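Chemist: One structure follows; several queries about it will come next.
Each reported figure results from applying straightforward, stated rules to the coordinates on display, with no laboratory input. Since the structure is predicted, the reported quantities are computational estimates derived from the model, not experimental observations. Glycine gets a Cβ as well: all are built from the backbone with ideal geometry, and neighbour counts include every protein chain shown.
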Amino acid sequence: MRKRTVMTLLALSILFTVCLLKKTALTPKASSIDLTIAVVGTAPVLAQSPDFHSIELQEIKGDLHRYDAVMIMPDYLKAAAGREYATVYQKAHIPFFFIGSQKSVEPFLDPNLSYEGSISVPNPTFASGMLYDDTHETTWLFGEGIERPNRSEQFQIYHSIFQTIEQRHLTE
């Protein structure tokens, strides 16, 4: 009887261990996204994220070719709409994303338009983005219709932004 109890406990412990190993193997590990993004301000903390590089706003006037995109965080939106940056967005040939902006891209492109004086987009958004290249302008709005995105919605929006950047690479 004792031998049977020991064998049963041994079999159950092996079965339990195998189940735990299989569950662990099925759990995806957090990884990084193969992008390099310059961030003006504090980069978002995400489970899966690209290689974020913190830069000062003035640095967007320099060489940005080593980055796949630039994100300008909420605390810098007003300054980023300054007239000295309007031509930067048009000549950089990489996408810019304005996180937390309730505006279109117009205050960033028109040197005569202030951020405060520009019209907000009709539906709330979490971010707007733009890309100028030699042939045309592309703009995006992310998180449309979400007044205040929760953390999960923010993760989804950032993922959409990263997918947009990756799709741009596929079309180059």
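Chemist: How large is the translational diffusion coefficient of the stretch 46-112 in µm² per second when you combine the Kirkwood radius over alpha carbon pairs with Stokes-Einstein at 37 °C and 0.692 mPa s? Let's see the in-between values first.
Modeler: Working: Rh = 12.6 Å.
Taking Rh from Cα pairs, D becomes 261 µm²/s.
Chemist: In what order do Tyr158, Tyr115 fall by count of nearby beta-carbon atoms within 10 Å, going from fewest to most?
Modeler: Details: Tyr158 23, Tyr115 17.
Lowest to highest Cβ neighbour count: Tyr115, Tyr158.
Chemist: Another question, then. For a footprinting-style exposure proxy, rank Leu35, Leu77 by other Cβ within 10 Å, fewest first.
Modeler: Working: Leu35 17, Leu77 21.
Neighbour counts put them in this order, fewest first: Leu35, Leu77.
Chemist: Along each of the three principal axes of the Cα atoms of the stretch 38-172, give the extent in whole Å, ordering the values from largest to smallest.
Modeler: On the principal axes, the stretch 38-172 reaches 36, 33, 28 Å in Cα extent.
Chemist: Continuing with the same structure: Could you size up the charge dipole of the stretch 35-171 around its Cα centre, putting +1 on the beta carbon of Lys and Arg and -1 on that of Asp and Glu, and report it in debye to the nearest 20?
Modeler: Working: 9 positive and 17 negative charges, 34 e Å.
My answer is approximately 160 debye.
Chemist: Give the order of Leu141, Leu131 when sorted by the count of other beta carbons within 10 angstrom, beginning with the fewest. Kindly include the intermediate steps, with their values, before the conclusion.
Modeler: Details: Leu141 17, Leu131 22.
Listed from fewest to most nearby Cβ atoms, that is Leu141, Leu131.
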